[in-house]
1. For the condition under 15 Å from Leu579 (Cβ atoms), hydrophobic (A, V, I, L, M, F, W, C), at pLDDT below 95 and assigned by TED's automatic domain parsing to the domain that holds Phe573, what is the one hit in Ala674, Ala641?
2. Where in the range 200-278 are there strands (runs of 3 or more DSSP E), lying wholly inside it, with at least 3 residues that are surrounded by fewer than 24 Cβ atoms within 10 Å (Cβ to Cβ) and of a type outside the set (Val, Ile, Thr)?
3. Is one or more of the residues making up the range 355-367 within 16 Å of the chain's Cα centre (by Cα), surrounded by 21 or more Cβ atoms within 10 Å (Cβ to Cβ) and in contact (Cβ under 8 Å) with a residue 40 or more places away in the chain?
4. Filter the range 392-420 for residues that are part of a strand (DSSP E or B) and more than 14 Å from Ala535 (Cα to Cα) and give the result.
5. In the range 64-131, which strands (runs of 3 or more DSSP E) lie fully inside it and hold 2 or more residues that are touching a helix residue (DSSP H, G or I) at 6+ places or on another chain (Cβ under 7 Å) and at pLDDT below 85?
6. Would the range 343-353 turn up any residue that is in a strand (DSSP E or B) and at pLDDT 95 or above?
7. Name the strands (runs of 3 or more DSSP E) wholly inside the range 474-544 in which the number of residues that are at pLDDT 95 or above and not assigned by TED's automatic domain parsing to the domain that holds Gly238 is 3 or more.
8. Only one of (1) in a loop (DSSP other than H, G, I, E, B); (2) under 26 Å from the mean Cα position of the chain (by Cα) is not met by Val173, so which one is it?
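The values are calculated or read from the model by the stated rules, or taken from the named source; none is laboratory data. A quick note: this is a predicted structure, and the numbers were derived from the prediction, not measured. Please note: Cβ atoms are built from the backbone with ideal geometry, for glycine as well, and neighbour counts cover all protein chains shown.
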Amino acid sequence: MRTSALTLLALSALAFSTAPAFAQGSDDCATPQLLVGTGTFPYVNAGMTTGAQGQTEFECTHFGDTSMYRDVWFTWTAPATNTYQISSCGLTTFNTKIAVYSGSGCPASPALACNDDFCGIQSALLFPAIAGQVYTVQLASSASSSSGGNGSFSIDVAPPLVPCTTAPGPDVVVGELWNITNYTPAGGIDAFSVGTTGCNIGSAIANWIATNNEHPLVRQNAYRYKVTGGVGRFEQIGLSWLKHTFGAQQDSTCCTCNPGGNFYHLGVGCSDPYDAGTNAAQAIQGPNWEVNAHTGVYPYPFTSPPYAGSVARRLQVALADLEPTSASARFLAEAHYVTRDDAAFGNQNNNATWREVTVSGTTTNRTFSLTGSTNVQQSAIRAWASLEAGVTTTDVQVPGDGLLVIASQATALGGGQWHYEYAVYNMNADRNVGSFSVPIPAGATVSNIGFHDVPYHDGDGIGSVDFSGADWSGTLAGGTLTWACVAENVDPNANALRWGTLYNFRFDANAAPRTAAVSLGLWKGGSPPAMNAAAEVPGDPAFTNFCAGDGSGVPCPCANDGFLGHGCANSVFPDGATLAASGVASVALDTVALAANSMTGGTCVFFQGSASMAPVAVDDGLGCVTGSVVRLGTKAVASNASSFPQAGDPLVSVRGAIPAAGATRHYQCFYRNAVAAFCPPATSNRTNGVTIVWVP
């Protein structure tokens, strides 16, 4: 039996008129009881028989039972053309079903509308009626064990619907996390489950068909935010298998429900609750690996290897990862619905919701309880920024695939040391993530390289064996710190960052942070091979980027904003060109090199200024270098890149006449972009700027 915290349909808007007191209902559909007008009508079905008519209405299926028990019949003529509501909500005490048919007498065609359990165990439906036409109403008990009873039902003009959104198509979100169930630990693993209310906030009915792959799947995750040594970490510590949904109630938890849905379809604005125990029912849980969470496609029947024990397939958390909730240790539960028809309309990126959980109990048996409010349409990674100031969060939408989210934080450790912490969450990208790279400036020392993942369990992997739990190793080479897992063509069960999981990457460095691009390498083949995202990274104190044409400050001249930290977009590279400095910024030991990339044209000009200014539009780009300007050199652009100095060129400090005592100077690169169709007058563009602090 499904248990729910239900929001009853508000019927106060209905204007009830007086109704004939003699309307009780007929046991024979051939001689239905006459109803006149609108209002409330009494009925009695105690002792009535179950007729042969109206017993196979698909829309009234209740846990597979299509029957209408001890039914009574009424006939009614529409007084005006309108949408009408028939409801027993709040007007009787036992479990009801209602159906309405066109014409008078025993139904000769399927019901116009039929409903069971719209408001708790009561029913309501909407149907369009035409003035003067006759309709037959069937009211019955929902269960064969019910002896029926007496009560009332209403017929009136339907109240105006209150939609949640105008998003096209179905849009199924988790509207509430409302109860929790604890399970007995086994083998050092504890488990719990949360109750969910799925809400269709879209503009079309959502499929909820139990017998094929046109029903939602419910995923649950557990997270921990913990402060250790002054450093905050947001980690995933548990995941569940997927509960396959099997039927939809038509409640109004999130919006005003249009009761045009049924047991196998969730109506517009309607909600459907599953309690925590139902979400943890092991027999109806399938593996995560079979599902493309971006498209919502999965095989049915799902793979179901053998299982045993109290924690199998459920939301598992290692006891070693748990401790009593405190200011420095907080826990969260997340539920995520994957829905195929929702995804077909591009509504799959708002399907996760989180709520905080308190942990208590002993080291061998923890107790989980819900606390705080439900954070609707937010993946749990969004919570890190609310739990700790200074967290940078960036969304990365993979073209033709799903959503990745990266959150980062740099924390000062003292003595010139900084801790860098990254959480990378794959919400629903089927291509997965196989590598993560952070730029490291020359001269920076990196230590305490770390990695954290979340284990799969119970055979949640190809061939019903768990995906690998091998840690990604971090390697520093060529100015980049990169973590990577085994390639797909080597091991399809490798520990890639798959949908619904969050991995952490961390290290210490003797360099203060700046915001720049990190790289997420996609594990499965395709284009693009990697995605960039903004994050906190170590910065060389001698080199600071400025004058970005990424829209973060002054917009580019023709709405041609580039990527984070780049210059304005050009006719070939929509991310814009970049200028980067490296080496030793010392007048006595100068090894500074300026490198420009993603440019067009045959030549570029590297130049230095003694001052910087607020960005101003110059042709297709932005200019920020001013004061005493020195042209360092005009260089050829080969393979869209160039550099200064090159062989035979003076050092940057020499060509720029940097004083022996040192000074601060500013640099940009100017290049041709003479494509008439791009950003007229389309004659030139510029990279971002770099400020260099020269020391003696």
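1. Ala641
2. Values: elements: 217-228, 231-239, 242-244, 271-274.
Because the criterion is at least 3 residues that are surrounded by fewer than 24 Cβ atoms within 10 Å (Cβ to Cβ) and of a type outside the set (Val, Ile, Thr), the strands (runs of 3 or more DSSP E) in the range 200-278 that meet it are 217-228, 231-239.
3. Yes.
4. Result: Gln397, Leu403, Ala412, Leu413, Gly414, Gln417, Trp418.
5. Hits in the range 64-131: 113-116.
6. yes
7. 480-484, 501-509, 513-522
8. (1)
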